[in-house]
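Each remark here refers to the structure printed beneath this line.
The values are calculated or read from the model by the stated rules, or taken from the named source; none is laboratory data. Fair warning: this is a prediction, and the values are worked out from it, not measured in the lab. Cβ atoms come from the backbone with ideal geometry, glycine included; neighbour counts cover every protein chain shown. To get the accessible areas, we keep the full protein, side chains included, count just its heavy atoms, and leave off ligands, DNA and RNA. Shrake-Rupley method; radii C 1.70, N 1.55, O 1.52, S 1.80 Å.
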Amino acid sequence: MPQWATFLGLTGVVLTLLLVLSHLTQSAFTDGADDVTDGPATARSDASAGESPPSTDAFREPSSDDDGSRPPDAHGRPGSATHASSDGERPVERSATPPSATDAGTEPDGDTNTDSSDPAASALDADRPADRGVDPDSLSTGMVLANVAFSQGLFALLLLGAAVYTAIPASALGIEFTVPYLESGLLLGTIAGFGFYVGNELAAAGATRFGFDHDEALRELLSPDSATGWLVLLVGVLPIIAGFEELLFRAALIGVPAAGYGVSPWLLAVGSSIAFALGHGMQGSVGIVVTGLLGFGLAAVYIVTGSLLVVVVAHYFINALEFVVHEGLGLEWAETLEG
C-alpha cells in the first residue's frame with residue numbers, strides 16, 4: 001500500500017535542502033562578485049589618497065652635491081639617504097649599520113615588520129574575495145559542472161529511492177513503461193521544448209527592456225570551452241538537471257498529491273511553480289519571474305499529458321538551446337526587444 005504521507009514528507013526534505021543550497025550558493029557568488037568588483041578599486045583609491053608614488057630620486061646616482069661622506073652600498077657606490085623599499089610602495093630610511101639578527105623583522109617598538117597603517121595593505125586585507133565569498137572567476141567549468149551533476153543527481157536518487165521505499169505507483173509520477181509512451185514523450189517534449197524556449201527568450205528580453213535584472217552568471221560558468229566539455233554538458237549534466245527538477249517539481253509536488261489525496265493538480269501547479277522560481281534565484285529578479293511562468297507552463301503540459309517524459313524532454317531542450325544559442329553560437333536574437 002502506498003505511503004503517500006511518508007513520500008511527501010521526504011519530498012519536503014529534498015525541496016528544503018535544494019532551496020537552502022540555492023540560497024547559500026546565490027549569497028556566496030553575490031558576495032564574491034561584489035568583492036572582486038569593489039576590492040581592487042577600493043585598494044587603489046585608498047592607496048592613491050594616502051601615499052604618493054615613490055620618487056625616482058630614490059634610484060638616482062649621487063650628484064655632484066653629494067659630499068661622499070655616506071658609506072658605500074653593497075655595489076661599491078656611495079650610499080644615498082633613502083632606498084626604494086622592496087614592496088615598491090615608498091622610500092624608507094635605512095641605517096648605515098646593518099641590523100642585527102635579533103632586530104631582523106622588527107620595528108623599534110618590537111612589533112613585527114608589518115606596516116598596519118598602510119592604507120593599501122589594509123584595503124587589500126579587508127577586501128580579499130576568499131574571506132567573504134566565492135570569486136566566480138576562480139572556479140573552473142569542470143568544477144561547476146561536477147558540483148551541479150553530483151548534487152542534483154544525488155537529490156534525484158533520494159527521490160527515486162523514496163518512491164520505491166514508500167511504494168508510490170509509477171503512474172502517480174507520470175511514468176509508464178511502454179513504447180507509445182516513449183515515442184509520444186520524445187515527440188511532444190521536443191515540440192514543447194522549442195516553444196517554451198522561444199517564449200522564455202521573449203519574456204526575458206521584454207522584462208529586461210523595462211529595467212528588470214536578468215543575471216546569466218551561472219549559465220556562463222557552466223559553459224564549456226572545449227568539445228569534450230560540451231559533450232559532458234549536453235549528454236551528462238543537462239539530462240540530470242532536467243530529470244531531477246521535473247521529478248521533484250512536477251511528479252512529486254503535483255502528481256503524487258493529486259493521485260494520493262485528490263488535490264486539484266492546477267492548485268498544486270501554482271505552489272510548485274513558486275518553489276521552482278525560488279530555486280532559480282541566481283538568475284535575478286527577471287529570472288525568478290520568467291522561471292516561475294515557465295514552471296507553470298511545464299506543469300500545465302504535465303497535467304494535460306500525464307507524462308513525466310514529455311516535460312523532462314521539454315526542459316532539456318529549453319536548457320540545451322539556451323547554452324548552444326547564447327554561449328556556443330553567441331547569438332542574441334531577442335536582444336532587439338531589450339533596447
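Structure notes:
- Applied to the range 271-282, the Karplus parametrisation 6.51 cos²θ - 1.76 cosθ + 1.60 on θ = phi - 60° returns per-residue 3J(HN,Hα) values of x, 5, 5, 5, 5, 4, 5, 5, x, 10, x, 5 Hz, with x for Gly and Pro.
- For MET282, solvent-accessible area (1.4 Å; no DNA, RNA or ligand), Å²: 30
- Burial ranking of peptide ranges 233-244, 172-183 (average Cβ count within 10 Å, highest at the top): 233-244, 172-183
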